[in-house]
1. Of the conditions (1) under 14 Å from residue 14 (Cα atoms); (2) exposed (fewer than 14 other Cβ atoms within 10 Å of the Cβ), residue 89 clears all except one; give me its number.
2. Give the stretch 48-73 a look and list any residue that's more than 11 Å from the chain's Cα centre (by Cα) and closer than 13 Å to residue 116 by Cβ, or say none.
3. Inspect all residues belonging to the stretch 1-24 and state whether any of them is closer than 21 Å to residue 119 by Cβ, more than 16 Å from the chain's Cα centre (by Cα) and in contact (Cβ under 8 Å) with a residue 40 or more places away in the chain.
4. In this structure, is residue 93 at pLDDT below 75 and in a helix (DSSP H, G or I)?
5. Hey, residue 87 hits all of (1) in contact with a helix residue (DSSP H, G or I) (Cβ under 6 Å, 6 or more places away or on another chain); (2) in a helix (DSSP H, G or I) but one; which does it fall short on?
6. Does residue 72 satisfy the criteria of being under 30 Å from residue 45 (Cα atoms) and either part of a helix (DSSP H, G or I) or free of Cβ contacts under 8 Å to residues at least 40 places away in the same chain (or both)?
7. Search the stretch 61-80 for residues being in contact with a helix residue (DSSP H, G or I) (Cβ under 8 Å, 6 or more places away or on another chain) and farther than 13 Å from residue 103 by Cα, and hand back the single one that is surrounded by the fewest Cβ atoms within 10 Å (Cβ to Cβ).
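The values are calculated or read from the model by the stated rules, or taken from the named source; none is laboratory data. Only a predicted model underlies this, so the values are computations on that prediction, with no experimental measurement involved. We place every Cβ from the backbone using ideal geometry, glycine too, and count neighbours over all the protein chains shown.
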């Protein structure tokens, strides 16, 4: 399935943005600033993290739609067997690989969502 493969770049991009946010946070904390400047800087980082969180949530929503499509594929395969329509092992292997790819990508995005949450919590806790 192309969907799972097309999101590999997005995962890398989000990881790079998170690394940049963490680096900026480190610089903000270690540079002398007034309390107002510090608060504004941290709010800016939190805003960037919130944006990443929304982006990942949107992708996870898409995976929900794909889950329904995969269920339909499962029903279709069951119907083929009931009607004695033969499906080649090559086709079944391809379908299985697509299903596993989508499942793996979904897990990666769920992990990414929790990583974004952890970074957000770290930044917000640092502010208090």
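1. The number of the failed condition is (1).
2. Of the stretch 48-73, the ones more than 11 Å from the chain's Cα centre (by Cα) are 48-51, 64-73.
Once the filter is applied, which keeps residues that are more than 11 Å from the chain's Cα centre (by Cα) and closer than 13 Å to residue 116 by Cβ, the stretch 48-73 yields 48, 49, 50, 51.
3. Checked the stretch 1-24: at least one residue is closer than 21 Å to residue 119 by Cβ, more than 16 Å from the chain's Cα centre (by Cα) and in contact (Cβ under 8 Å) with a residue 40 or more places away in the chain.
4. Judged against the criteria, residue 93 is a match.
5. Going through (1) in contact with a helix residue (DSSP H, G or I) (Cβ under 6 Å, 6 or more places away or on another chain); (2) in a helix (DSSP H, G or I) one by one, residue 87 breaks only (2).
6. Numbers: under 30 Å from residue 45 (Cα atoms): no; either part of a helix (DSSP H, G or I) or free of Cβ contacts under 8 Å to residues at least 40 places away in the same chain (or both): yes.
Considered against the rule, which asks whether it is under 30 Å from residue 45 (Cα atoms) and either part of a helix (DSSP H, G or I) or free of Cβ contacts under 8 Å to residues at least 40 places away in the same chain (or both), residue 72 comes out as no.
7. Selected residue: 73.
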